[in-house]
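J.: Take this structure first; my questions come after.
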Amino acid sequence: MSEFDDGTIIDGRYRVLHRLGAGGMADVYLARDEQLDRDVALKLLHRRFAEDPGFVERFRREAQAAASLQHPNVVSVFDRGSFENTYYIAMEYLQGRTLKRLIREDAPLEVHRAIDITVQMLKAARFAHRRGVIHRDLKPHNVIVDDGDHVKVTDFGIARAGASDMTETGSIMGTAQYLSPEQAQGHAVSAPSDLYSVAIVLYEMLTGRVPFDGESPVSIALKHVSETPVPPSQINPEVPSALEQVVLWALNKDPADRPADADQFIAALEQVREALSTPASEITASMRAIPAAGAIVPVAGFPATTLIPAPDGYRTGGEIDFEAPHAELERHEGPGRQGDSERKGGGSSAWPWVLALLLVALLLGGGAAAYLLTRPQKALVPYVVSLQESVAQSRVSSAGFTPNVIPQTSTYPAGEVIAQSPFGNSRQKAGSTVTLTVSTGPGSTTVPTVATLSQSAAEQQLKQNGLKVSHVAQQVSGTVPQGEAIGTQPGAGASLSKGQGVILYMSSGLAMPNVVNDNLGTAQTALSQFTTNPVSIHYQTTTTAAPDTVLSQSPGAGQPLASKGTITLTVAKAPNTVKVPRVVGDTPGTAVATLAAVGLSVNQVPAVTHNPNMVGLVFKQFPTSTTVVKKGTVINISVGQPASGGGATTQTGTSPTTNPSTGGG
């Protein structure tokens, strides 16, 4: 039964929505942060532990340690505080499945997917380890995976920060299936302890089961200490031997025989991933020399129980079975606790095993004893991946091994060591061969012709030639239709290194010609020779351009024309109104011509003038000059007649007529 009901307001801020899960030390609730309007995962220490200074300190240390770990693969801690005689931590609420649930539903996982998830876990561990924080309970229940396989590690509830050791006397903290041997014995833990747990998780992703299981946490812990794991490939034949070696290397009983840190573990997995992406014919020679880590090696006159250490080339109880976004820790009695004298004096628990092996050897005869006394001396293989060939060979030789170089085409710079076998930091027979795979560079290729191809076809052609498209640029063209390739930069025929990027130019459409200021007929003829796209004509009244002159175009000159786009032309149109010109002082014939030229009609009216200079000339007009009138309007003009004049005539337009109303005179 939950200690806090739904709807409870924690510390005046967090409204409990429902419980997500329960652990040995705390419950986890989904709550709403009403100050910041967001969902959070709220971990509340059980009240029965709130009065125990040790548990409170552990809980406080969890919040302090986790709050300092701001990393894309680590759950964020937002807040901590106290409420109703207990303590809480407010954390990021994560959407997705726990890795445990993903394993149940999808295992065994595809190799590349398992490596990717493991690398993300190791990046989280590496980030914590560099800040002095050991997780101590890495397991799939404490890993959330979203739909995009992005990983976040949760629950630093039993983390150890700095030199302080939170392990209690007589008990161990963590989940039995994922405990390191030293943790199972109650010894001090370190970064390799977390790496052992990560290796257990990787083993489970690849096989669908943990390497050690049993009826009780104690029996499981004893197996961690004393038993050899079944090689993953015996459970899932799809597991590559190189990956199996990395897993078994990280599962060595002695922390010194595991990856020294998460960086080594990550590098090992990346090397395996690189090898898996390389054609088998190119990697067989380098991989053949790697013995299967953890394999049973029969020795004449001695039991076949000697283990080959897994390659050291790379770094970074009963299970709590519930699907909560933030799984909690569990307490178990330590199955292999050392006595106080051993703790103080630094005695080694390995002596009973050494004595037992010597006893077996004596019982089996002198051959085995001779083997123990004369077995080959082993040395540490240096890690030389990413070094130049000359430097790598020198280091391998200086360590007492014989370098063997295998050239291989790759995207890495020429002369760089891209793989080694055996893995770096593994212990191997002194004087044995270390195979170095050295990049010869990507090789060269020729840029192919891609003109007129579609974008997908052009990209495929470039890919087939070992090139990649670094950028796709749109460009108008006078000849290439929209959606077709124009070319590349560098151009076709250029020699480039494989893997190099080129710019792919795609036509955004044919470039429009310029028809502005052309006569409409001329413009239409030019466009019909350029494209079959429809042309739309819009007229615009203007007095600044001759009628039927193209005033503007869309698309503009030089702009791309879409394959089915419409071309719009704006064409000049004469106005329907006109400003009356001044004709006073003109002869009747000149006045008529001037007015007719602007679309106006004329009505001549003879009229007596007392100004002898205006006789026979227009001395008055109506409407007057500068008046704006519609075209076709009749303009009346008065033509001067002398005072003693005879009959008068009327002229409309250019045709003079007699106007009887004026009489003579």
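J.: Under 12 Å from a label point 7 Å along Cα→Cβ of Leu276: give me every residue in the range 117-147 with its amide N that close.
T.: Answer for this model: 117-119.
J.: Assuming R0 = 22 Å, can you tell me the calculated FRET efficiency for the pair Val535 and Asn576, based on Cβ-Cβ distance, to the nearest 0.05?
T.: Working: r = 25 Å, r/R0 = 1.15.
My answer for the efficiency is 0.30.
J.: Hey, quick one: spin label on Val472, modelled 7 Å out along Cα-Cβ, who in the range 531-565 has an amide N within reach, i.e. under 19 Å?
T.: The answer is 560-564.
J.: At a Cα cut-off below 25 Å, give the lysines reachable from Lys100, other chains included and same-chain residues fewer than 8 away excluded.
T.: By straight Cα distance, Lys100 reaches Lys43, Lys123, Lys139, Lys152, Lys223, Lys253.
J.: Testing the spin-label approximation: label points 7 Å from Cα along Cα→Cβ at Ser563 and Val629. State their distance in nm.
T.: 5.9
J.: While we're looking at this one, here's another question. Mind checking which lysines have their C-alpha under 26 Å from Lys468, skipping anything on the same chain fewer than 8 residues away?
T.: Once the sequence-local lysines are set aside, what remains near Lys468 is Lys498.
J.: What is the local net charge at Pro72, summed over the other residues whose Cβ is closer than 11 Å to its Cβ (Lys, Arg +1; Asp, Glu -1)?
T.: Residues near Pro72 contribute +2 overall.
J.: Around Val450, what is the net charge, scoring Lys/Arg as +1 and Asp/Glu as -1 over all other residues with Cβ under 10 Å from its Cβ?
T.: Summing Lys and Arg as +1 and Asp and Glu as -1 gives -2.
J.: Shifting gears a bit: Amide H neighbours of Ile10 under 5 Å, counting only residues 5+ apart in sequence or on other chains, H built in-plane at 1.01 Å?
T.: Arg15, Val16
J.: Based on alpha-carbon centroids, what's the gap between the range 426-493 and the range 541-618 in Å, whole number please?
T.: Here the answer is 65 Å between Cα centres.
J.: OK, next. At 0.36 nm per residue, and after removing the present C-alpha to C-alpha distance, how many nm does the segment from Gln95 to Asp147 gain when stretched out fully?
T.: Taking Gln95 through Asp147 to full extension adds about 17.8 nm, to one decimal.
J.: Quick one: if you stick a label point 7 Å off each Cα along the C-beta vector at Asp11 and Gln234, how many nm between them?
T.: Reported label-point gap for Asp11 and Gln234 is 5.1 nm.
J.: Something else now. Just tell me which lysines come within less than 21 Å, Cα to Cα, of Lys630; anything on the same chain fewer than 8 places away is out.
T.: Excluding near neighbours in sequence, the set is Lys573, Lys579, Lys620.
J.: If you take every residue apart from Leu243 with its C-beta less than 13 Å away from the C-beta of Leu243, what net charge results, scoring Lys and Arg +1 and Asp and Glu -1?
T.: -4
No lab work stands behind these numbers, since they all come straight from the coordinates. Source: prediction; values computed, not measured. No Cβ is skipped: glycine too gets one built from the backbone with ideal geometry, and neighbour counts run over all protein chains shown.
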